[in-house]
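What follows is a set of notes on a single structure, which appears directly below.
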Amino acid sequence: LEARIALYQRIAGLRDAGEEADLRAEVADRFGEIPGPLLELLSLVRIRLAAGAAGVAAVRAEGGEIVLVAREASPFGRRRLPALPAGVHVGQMQLRLPRAALGVDWLEAIEALLRLIGDPQPAAEPARTAVRA
């Protein structure tokens, strides 16, 4: 039990993707194949880290959609966003995408989208609130 609590504390304290990769490698080395639930928890950590780097305050599920909420100081409407995958709805403070469109590897898809967004850049013109293809 103590080892599990210590592992959860280390996971909660991860601050970058390099630390997460090191911890994942250490756990695999010490205990063998990493169980699915722990892999999912580590995916959520990577999403948290990528969200922070992308200027995203929250990632949540609402109905059948995944919603990314911008930090108040960095709304999506003022950013120069890269070309986003089809189905991503861009609003002033939120990006919305249908959960069903993400498939079985939906956590990896969210992480990839957050990495695509990257650090916010001021835009020359406001972003549209339509679906981007």
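The values are calculated or read from the model by the stated rules, or taken from the named source; none is laboratory data. The structure presented is a predicted model; accordingly, all values stated were derived computationally and were not measured. Counting neighbours? That spans all protein chains shown, and the Cβs are built from the backbone with ideal geometry, glycine included. Surface accessibility is based on the protein's heavy atoms, side chains included, excluding ligands, DNA and RNA. Shrake-Rupley method; radii C 1.70, N 1.55, O 1.52, S 1.80 Å.
Structure summary
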| item | result |
| --- | --- |
| Cα→Cβ-extended label distance, 7 Å offset, between ALA25 and GLU2, nm | 2.8 nm |
| Cα Rg, Dmax (largest Cα-Cα span) when computed across the stretch 30-98, Å | 14.6, 46 |
| Phi to ³J(HN,Hα) by Karplus 6.51 cos²θ - 1.76 cosθ + 1.60 over the stretch 48-58, Hz, x for Gly, Pro | 4, 5, 5, 5, x, 5, 8, x, 9, 7, 8 |
| From phi via Karplus (6.51, -1.76, 1.60), per-residue ³J(HN,Hα) for the stretch 37-42 in Hz, x at Gly/Pro | x, 5, 4, 5, 4, 5 |
| Residues GLN9 and GLU108, FRET efficiency given R0 of 22 Å [Cβ-Cβ distance, rounded to 0.05] | 0.30 |
| VAL104 accessible area, 1.4 Å probe, all protein chains in place, Å² to nearest 10 | 140 Å² |
| Nearest-20 debye value, the chain charge dipole, Cβ charges on Lys, Arg, Asp, Glu | 580 debye |
| Longest to shortest principal axis, alpha-carbon extents of the chain, angstrom | 52, 29, 21 |
| Share of carbon and sulfur in the accessible heavy-atom surface of the chain [1.4 Å probe, %] | 56 percent |
